[in-house]
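> Sending over a structure as structure tokens; questions will come in a sec.
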Amino acid sequence: MTTRLKMTAKNAFWSYFSMGISFILQFISRTVFIYFLGEEYLGINGLFTNILGVLSFAELGIGTAINFSLYKPVADHDIEKIKSYMYYYKWAYRFIALVICILGIFLIPFLDLLVKDPGDVGNIRVYYCIYLFNTVTSYFVSYKYSLVNAEQKNYIYTNLNLIINASTIVVQIVSLFIWKNFLVYLLTAAIFGLIQKIFISVYFNKLYPFLKDEKCEKLTKKEKMTLFNKVKALTIHKIGDVSVHQTDNIIVSAFV
């Protein structure tokens, strides 16, 4: 079996294993969530997840385009070209994080149009800001996953993600048993999520020390144009994905 096939088999095994464990933990978490907090909070969770999913349209497929562009320099062990793409990727995602943050804050006064009668669930704006914080901060780290993806070492991220997410879910379940409070539940996820992002950032910096090197060649006009053309093509796919998967809770909440 070739190395490429071995890596594919390894990635597939850990991916299926991770999905299985995550499914079980999510099922237990949702059951405990509904038991202690009720369906209203679950609806708010789905709504805010959808809203931020729509805002993620600002990404426009840049990540996918750069991931694809990394395959050749990774195969050629061209460190300088990898640094160039990763540097461009990093600043593109920081700009996207800023755009999503601004748009997210802009939406705060209009939440009442989407949640017309939230009931006795507390301050939905505070909850929304925590969701927004989790989404925005993810863009400062997620670009680093592209390298393990290009090297077909997805299992590294899969395993790290499984361990940290499983720990977060367990702590959230414990917090529900102790406090039965949605705000504590969200803060637990936010704190563990921030720890996860810091840990992954440090881990990938050690795995790929050149990521810390700010000195790198700029992408050529031809390379930027190629990226731009790929992003244009992926934008249509992004529109379809957001329209199908990130709007159901928003529509239901606005009309019910």
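The values are calculated or read from the model by the stated rules, or taken from the named source; none is laboratory data. None of these values were measured; they are calculated from a predicted model. When we count neighbours, we look across all protein chains shown, and the Cβ atoms used for this are built from the backbone with ideal geometry, even at glycine. Protein only, heavy atoms only, side chains kept; ligands, DNA and RNA dropped before computing areas. Shrake-Rupley method; radii C 1.70, N 1.55, O 1.52, S 1.80 Å.
> Please go through the range 201-221 and give me each residue that is within 16 Å of Tyr89 (Cα to Cα), open to solvent by 80 Å² or more (accessible area, probe 1.4 Å) and without any contact (Cβ under 8 Å) to a residue 60 or more places away in the chain, ordered by number. Steps first, answer last, please.
The first filter runs over the range 201-221 and keeps only residues within 16 Å of Tyr89 (Cα to Cα), leaving 201, 204-205, 208, 210-221.
When the remaining residues are screened for being open to solvent by 80 Å² or more (accessible area, probe 1.4 Å), the result is 212, 214-215, 217-218, 221.
Hits for the range 201-221 are Lys212, Lys215, Lys221.
> Another question, then. Can you give me the ranges of the helices (runs of 4 or more DSSP H) entirely in the range 30-143 with at least 1 residues that are under 23 Å from Gly193 (Cα atoms) and not aliphatic (A, V, I, L, M)?
39-55, 62-75, 79-107, 124-138
> Only residues that are free of Cβ contacts under 8 Å to residues at least 40 places away in the same chain and buried (at least 17 other Cβ atoms within 10 Å of the Cβ): list them for the range 9-64, please.
Passing the criteria: only Asn45.
This table checks each residue for (1) modelled with pLDDT of 90 or more; (2) closer than 30 Å to Thr220 by Cα; (3) under 23 Å from the mean Cα position of the chain (by Cα).
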site: Ala75; (1), (2), (3): no, yes, no
site: Leu107; (1), (2), (3): yes, no, yes
site: Leu113; (1), (2), (3): no, no, no
site: Pro118; (1), (2), (3): no, no, no
site: Gly122; (1), (2), (3): no, no, no
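> Exactly one of these conditions fails for Val244: (1) farther than 22 Å from Val74 by Cα; (2) open to solvent by less than 40 Å² (accessible area, probe 1.4 Å). Give me its number.
All conditions pass for Val244, except number (2).
> Then there's this: What residue, among those in the range 222-241 that are β-branched (Val, Ile, Thr) and under 30 Å from Leu111 (Cβ atoms), is most open to solvent (accessible area, probe 1.4 Å)? I'd like the intermediate steps shown before the answer.
Start the filter on the range 222-241 by keeping residues that are β-branched (Val, Ile, Thr), which leaves 226, 231, 235-236, 239.
Subset that is under 30 Å from Leu111 (Cβ atoms): 235-236, 239.
Details: Thr235: 29, Ile236: 118, Ile239: 78 Å².
Checking each candidate, the answer is Ile236.
> Please go through the range 104-120 and pick out each residue that is at negative phi and surrounded by fewer than 16 Cβ atoms within 10 Å (Cβ to Cβ). Before the answer, list the steps.
Start the filter on the range 104-120 by keeping residues that are at negative phi, which leaves 104-118, 120.
Once the filter is applied, which keeps residues that are at negative phi and surrounded by fewer than 16 Cβ atoms within 10 Å (Cβ to Cβ), the range 104-120 yields Ile105, Phe106, Ile108, Pro109, Phe110, Asp112, Leu113, Lys116, Asp117, Asp120.
> Separate question: Go through (1) at pLDDT 90 or above; (2) not in a helix (DSSP H, G or I) for Gln152 and report which single condition fails.
(1)
> Which condition number does Ile198 fail, the rest of (1) within 30 Å of Ile28 (Cβ to Cβ); (2) touching a residue at least 60 places away in the same chain (Cβ under 8 Å); (3) open to solvent by 40 Å² or more (accessible area, probe 1.4 Å) being met?
(2)
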